[in-house]
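To start, the structure itself, in C-alpha cells.
The values are calculated or read from the model by the stated rules, or taken from the named source; none is laboratory data. Quick caveat: nothing in here was measured; it's all calculated off a predicted structure. Reconstructed Cβ throughout: ideal geometry from the backbone, glycine too, with neighbour counts over all protein chains shown. Just so you know, the surface numbers come from the protein's heavy atoms only, side chains and all, with ligands and any DNA or RNA stripped out. Shrake-Rupley method; radii C 1.70, N 1.55, O 1.52, S 1.80 Å.
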Amino acid sequence: MGDEHDKLLPVANVGRIMKQVLPPTAKISKEAKETIQECASEFISFVTGEASAKCQKENRKTVNGDDICWALGSLGFDEYSQAIVRYLHKFREFERERASAAAICKGDCLLQIDQN
C-alpha cells in the first residue's frame with residue numbers, strides 16, 4: 001500500500017477544501033475524506049495520463065497547462081476545460097505583470113546604487 005498511498009493527495013488538504021464548501025457546523029467523517037481523497041487523486045491521474053500521452057506522441061517530455069486543458073476537453077470535461085483555460089490565461093497575465101514590475105524595480109534599485 002506504500003506506493004499507492006504515495007500517489008494520493010494529502011488527506012488534510014482534501015479535508016480543508018471540503019470544509020470550504022460546507023456549512024461551518026458540518027462534520028466530515030474520516031471515511032468521507034478518504035473517499036474524496038481517492039476520487040480526486042484518481043481524477044488527477046486520469047487527466048494527467050491523457051495529457052502525458054499527448055506529449056509523448058509529440059515527442060515532448062514536459063506536460064504544461066495547455067496540455068491539461070486539452071486533456072480535460074478530450075475526456076469530455078469541456079466545462080472544466082473552459083474554466084481552466086480562463087484561469088490559465090489570468091495566471092499567465094499576472095506572472096507577466098509581476099515579472100515586469102520586478103524588472104522595473106530592479107532597474108530602479110540599480111539606478112539608485114549608481115547615483116551613490
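Computing Kirkwood radius over Cα pairs in Å directly from the structure and comparing it against [x] 17.8; [y] 14.4; [z] 15.2 singles out [x]. A helix-only calculation puts the chain at -27000 deg cm²/dmol for mean residue ellipticity at 222 nm, using -39500 (n - 2.57) for each DSSP H run of at least four residues, averaged over all residues. Computed over protein heavy atoms with a 1.4 Å probe, the accessible surface of the chain works out to 81 Å² per residue. Each label was represented as a point 7 Å from its Cα along the Cα-to-Cβ direction; for residue 99 and residue 42 these points are 3.9 nm apart. In the chain, the longest principal axis of the Cα atoms and the axis of helix 78-115 are about 30 degrees apart. For a straight C-alpha distance cut-off of 26 angstrom, the lysines reachable from residue 54 (same-chain residues fewer than eight places away being disregarded) are 7, 90. The trypsin sites (Lys or Arg not before Pro) of region 18-82 that DSSP puts in a loop, and whose beta carbon has at most 11 other beta carbons within 10 Å, are 27, 61. Each Lys and Arg Cβ is given +1 and each Asp and Glu Cβ -1; about its Cα centre, the chain then shows a dipole of about 260 debye. For region 42-104, pairs of C-alpha atoms spaced more than 15 angstrom apart make up 56 percent of the total. Nonpolar atom fraction for the chain, defined as the carbon and sulfur part of the 1.4 Å probe accessible area, stands at 57 percent. Of the GluC sites (Glu not before Pro) found in region 6-105, those in coil by DSSP whose Cβ has at most 14 other Cβ atoms within 10 Å are 58. What's the angle, to the nearest 10 degrees (0 to 90), between helix 30-57's Cα axis and the longest principal axis of the chain? Around 60 degrees separate the two axes. Taking the C-alpha atoms only, the angle from helix 11-21 to the longest principal axis of the chain is near 90 degrees. Relative contact order, whole percent, for the chain stands at 16, derived from Cα pairs under 8 Å and 6 or more residues apart.
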